[in-house]
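Following: one structure in structure tokens, then a few remarks.
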Amino acid sequence: MADLSNDFIGIKSPNPFWLASAPPTDKAYNVTRAFEAGWGGVVWKTLGEDPHIVNVNGPRYGVVHSADRRLIGLNNIELITDRPLDINLEEIKQVKRDWPDRAMVVSLMVPCEEPNWKSILKRVEDTGADGVELNFGCPHGMSERGMGSSVGQVPEYIEMVTRWCKEATDMPVIVKLTPNINDIRYPARAALAGGADAVSLINTVSSIVSVNLDTMSPEPSIDGKGSHGGYCGPAVKPIALNMVAEIARDSETAELPISGIGGISNWRDAAEFMALGAGNVQVCTAAMTYGFKVVQEMITGLEQWMDEKGHTDLQSIIGKATPNVTDWQYLNLNFVSKAVIDQDKCIQCGRCHVVCEDTSHQAITQSVDGKRHFQVIDEECVGCNLCVSVCPVDECITMQQMTSGVDPRTNSPINSEYQNWTTHPNNPMANS
Amino acid sequence: MQQETGPFAGLETDLHPPLDGHEASVEADRCYFCYDAPCVTACPTGIDIPLFIRQIQTGNPSGSAKTIFDENILGGMCARVCPTETLCEQACVRQTAENKPVSIGALQRYATDHALRNELSESKTHPYQRAKPTGKKVCVIGAGPSGLSCAHRLARYGHAVTIFDAGDKPGGLNEYGIASYKTTNNFAQEEVEFVLGIGGITLQTGVRLGVDLSLQEVTDQYDAVFLGVGLDSVNKSNITGSELTGVADAVEFIAALRQSQDYSSLSIGRRVVVIGGGMTAIDAAVQASMLGAEDVMIAYRRPREKMNASVYEQQLAQTHGVKIKHSVRPVKIIAGDDNAVAGVELEYTTEGEGGLSGTDESFVENADQVLMAIGQAFDADAAESFGLALSNKRVSVDADRKTSHEKIWAGGDCIDAGEDLTVWAVQDGKLAAESIHRSLT
Ligand SMILES: Cc1cc2nc3c(=O)[nH]c(=O)nc-3n(C[C@H](O)[C@H](O)[C@H](O)COP(=O)(O)O)c2cc1C
Ligand code: SF4
């Protein structure tokens, strides 16, 4: 059986599944239930200074649903914890004492002044927590007060606050990054420069999730008005994966540990984050959608897959896909593939034809010998993968590589040598 | 299926309960929005099915209903009575993929119910506006599906339409001939009201062609005539005992049931034998069972695969406790006391090169009621005496549903084209109206 035990910057947990700082980790009651269900660790709901903030008293969440009301994306306008600091600290201390084998990380957000950070860190140390996470991510509410993503969007601030914290405490410091920025590598480099032990990402994406067309108010609506919130859940996973990969393959931050967050809903999502370089993962929306029991699917699924693939521990999967993330200019332009339709699997919906005909390269027939029949015309197919993407049947259309002969579209012989854009004759800046 | 409780509850319970909003959204989401969709080709009226389903999906059921009505103004009834399992749903690619087609009929009902029951009944607006009056007059004979469809399309074009119908109520087979559990809550009349809501259509009931009206008169008085009189006189059975008390025609049995205010006043046997193998046989047998018959048997003279009733319909009968016996034909109906039926003698048959033949082996099935569902025929007298060309004992028409007479078009069950289905009748009426309009303008 694969060993799922996780050592993330010296913080140990029985598995790599942590709950992200959010409502599921807001109180001892929730966190105890989470540990009972099997979660490896938690990042406690972000603490701030007293007087504690207040939340709106109307709806905090908005959603994007599928037809069957499956939750695809979640948006929230909640702030950090709205409970007194003392109560949170007491509960953290108690829970850590009750569950010594689980990771207990405390998320923090206080005004951008050194004394404020120093004083709260001292109080956290007293709880016996395993580490802290600096919340430079929340895109709503707190950012208007000069905290959250308004810090995370300025690399100099990240570096400065991180340095204050590292100087003030011996606890490991994780810096949580906001995705609401052009290039994620700059804040990650800043965190590293400030001495961060790790970064975690992503926090939520700034968003308006929907507009009520009767009232003309954005949702969630508070007395007829809405405010942008933070978007998370399955919909943001691709954004998060890319950002994790960008940091993992950046030569400056390649060694910086990453806690992967964003839309992780099952073991496979988690494995993908770890393959791209995350040392562990954090989950929020999946727990908020299905309850804490989802972790059992995640643990057993990851174990099963690792056993099947012969991976004995997490080290053997972390970062394994990172070297395969490259820049477009290095992709092999001599690699030729064509779509192939399996006629036995085809159910004749015709969508491959119409999308190729209307929006791509007119490379799929509609009829052959007067009969409805969908077949790829190799002379036209550019191998774009659109038909594969829209086909409703698994494995009915596949992309198959041409390894020899002549590409009937370009009439050029298939060249098995690697050639990319940097040396391509059409590139005015080609370097050979 | 909904729970059927209480006596006769099955008769007033929708065979397929309507979808609620969420069910419709989930089901609509299953549609792949096929290109040149096979379901559209399979629909006799050619409704743009993927489009109307997508309109449901995106929360536009009114627009969806309009898409349906554009091709089939009786889309509400068709949603209830079409054998979708042999039409659109049979062609659905999800039938191919997973043996579970998109429930096109149920979705069509969702959209049309929305339009008819909620929207239109509240606002009293009709989704179509009539064109300016053309001054042309068209006579439609028969207020069944073909006549209504034809009349509506003509009214849209601004022609003045008069419909004559022999019955007390309009609707034709929709009102009189379809099992009650397929069209509950007086839906047929509701739909007629909707169709007539466009205006420009005058309806006169109780007027029978050949008795109160002749083709000569109407061709003299109107610019064009549409004949949608359906089938009439039932194929007479010449089996011994057909005259016995307790032997009835299944079509009349269904009509009486549909018009009944009090099911307990209908006489129903304890042991009922239905002779026939089409939809009428099934409708009669299932309703007999719902009325309280203890044993109901359908006796069909040919093997199962030759039955006109679809497999789905056969299963429906079976789940209602109806026994279906194949390859048996009635030899004679046996009399008991007081000239009442006591049973049916049935002979096993075989199908060979020379067609159907008896095997001389027979048995008696006890029965106190026998319903004959052996098909209907076209009453050709009026047409024939006026000189309309017939083929296969029905009115002969061209692709535009035009008869041999330059002013007469025809459609529905009385013509020799298409299948005897509501949806084909609607299509006939529509095609005829288009052709009439072209000839009048
Ligand atoms: C209702 C809600 C409240 C959140 N509050 C916090 C918070 O206080 N501190 C924080 O660092 N992140 C907060 N987050 C962000 C999550 O920790 C996480 O980064 C994000 O939801 C992406 O992960 P997911 O896709 O698994 O939900 C919150 C998210 C939600 C949905
Ligand atoms: S064939 Fe089926 S999936 Fe395709 S458009 Fe028609 S209903 Fe939708």
So what's the angle, to the nearest 10 degrees on a 0 to 90 scale, between helix A:294-309 and the longest Cα principal axis of chain A?
50
How large, in percent, is the carbon and sulfur part of the accessible surface of the protein assembly as shown at a probe radius of 1.4 Å?
48
If a/c stays under 1.5 just call it rounded; otherwise compare a/b with b/c (prolate if a/b is bigger, oblate if not). Do that for segment B:11-122, with a ≥ b ≥ c from the square roots of the Cα gyration tensor eigenvalues.
rounded
Can you send over the solvent-accessible area of residue B:66, 1.4 Å probe, protein chains only, in Å² to the nearest 10?
70
Can you sort B:187, A:292 by solvent-accessible area, 1.4 Å probe, largest first?
A:292, B:187
Reference-scaled alpha-carbon Rg (2.2 N^0.38 Å with N residues) for the protein assembly as shown:
1.28
Relative to the longest principal Cα axis of chain B, at what angle does helix B:250-259 sit, 0 to 90 degrees, rounded to 10?
60
By the gyration tensor of its Cα atoms, with a ≥ b ≥ c the square roots of the eigenvalues, what is the shape of segment A:358-429: rounded for a/c under 1.5, prolate for a/b over b/c, or oblate?
prolate
For chain A, take the longest principal axis of its alpha carbons; what is the angle in degrees between that and the long axis of helix A:28-37, to the nearest 10 within 0 to 90?
40
If I take every Cα pair under 8 Å that is 6 or more residues apart in segment A:328-418, average their sequence separation and divide by the length, what percent do I get for the relative contact order?
37
Which shape class applies to segment B:230-316: rounded if a/c is under 1.5, otherwise prolate when a/b exceeds b/c and oblate if not, where a ≥ b ≥ c are the square roots of the Cα gyration tensor eigenvalues?
rounded
With a 10 Å cut-off between alpha carbons and a GNM built on chain B, which of B:247, B:364, B:273 moves the most?
B:364
Over chain B - Rg/Rh using Cα atoms and the Kirkwood inverse-distance radius:
0.98
Calculate for chain B the 222 nm mean residue ellipticity that helices alone would give, adding -39,500 (n - 2.57) per DSSP H run of length 4 or more and normalising by residue count, nearest 500 deg cm²/dmol.
-9500 deg cm²/dmol
Averaging sequence separations of C-alpha pairs under 8 Å and six or more residues apart, then dividing by the length of chain A, give the relative contact order as a whole percent.
13
For residue A:251, solvent-accessible area (1.4 Å; no DNA, RNA or ligand), Å²
100
Report the Cys residues of chain A lacking a disulfide-compatible partner, meaning no second Cys Cβ under 4.7 Å from their Cβ.
A:112, A:138, A:165, A:232, A:284, A:346, A:356, A:381, A:384, A:391, A:396
Among residues of segment B:22-58, a drop of 40 Å² or more in 1.4 Å probe accessible area, assembly relative to the chain on its own, occurs for B:22, B:32, B:35
Could you check which residue among A:206, A:360, A:259 shows the biggest mean-square fluctuation in a GNM of chain A with a 10 Å Cα cutoff?
A:360
Bridge type composition, segment B:234-375 - antiparallel percent by DSSP, nearest 5:
45
Can you sort B:124, B:325 by 1.4 Å-probe accessible area, starting with the largest?
B:124, B:325
Residue A:49 accessible area, 1.4 Å probe, all protein chains in place, Å² to nearest 10:
70
Within 10 Å, count the other beta carbons around each residue, average over each peptide in A:306-315, A:93-102, A:184-193, and list them highest first.
A:184-193, A:93-102, A:306-315
Using alpha carbon centers only, segment A:28-88 is separated from segment B:46-110 by a whole-angstrom value of 43
Given backbone amide H placed at 1.01 Å from N, residues whose amide H is under 5 Å from that of residue B:240, ignoring those fewer than 5 places away on the same chain, are B:333
Accessible surface buried once A binds B (1.4 Å probe; total of both sides; Å²):
1100
How big is the gap, in Å, between the Cα center of segment A:363-432 and the Cα center of segment B:179-243?
61
Largest-first principal axis extents, alpha carbons of segment B:234-375, Å
49, 38, 26
Go through segment A:363-399 and flag every residue whose accessible area shrinks by 50 Å² or more with all protein chains in place compared to the isolated chain (probe 1.4 Å).
A:372
How large, in Å, is chain A by the Kirkwood hydrodynamic radius built from its alpha-carbon pairs?
23.9
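The values are calculated or read from the model by the stated rules, or taken from the named source; none is laboratory data. Since this is a predicted model, take the numbers as computed values, not measurements. Glycine gets a Cβ as well: all are built from the backbone with ideal geometry, and neighbour counts include every protein chain shown. Quick note on the areas: whole protein, heavy atoms, side chains included, nothing else; ligands and nucleic acids left out. Shrake-Rupley method; radii C 1.70, N 1.55, O 1.52, S 1.80 Å.
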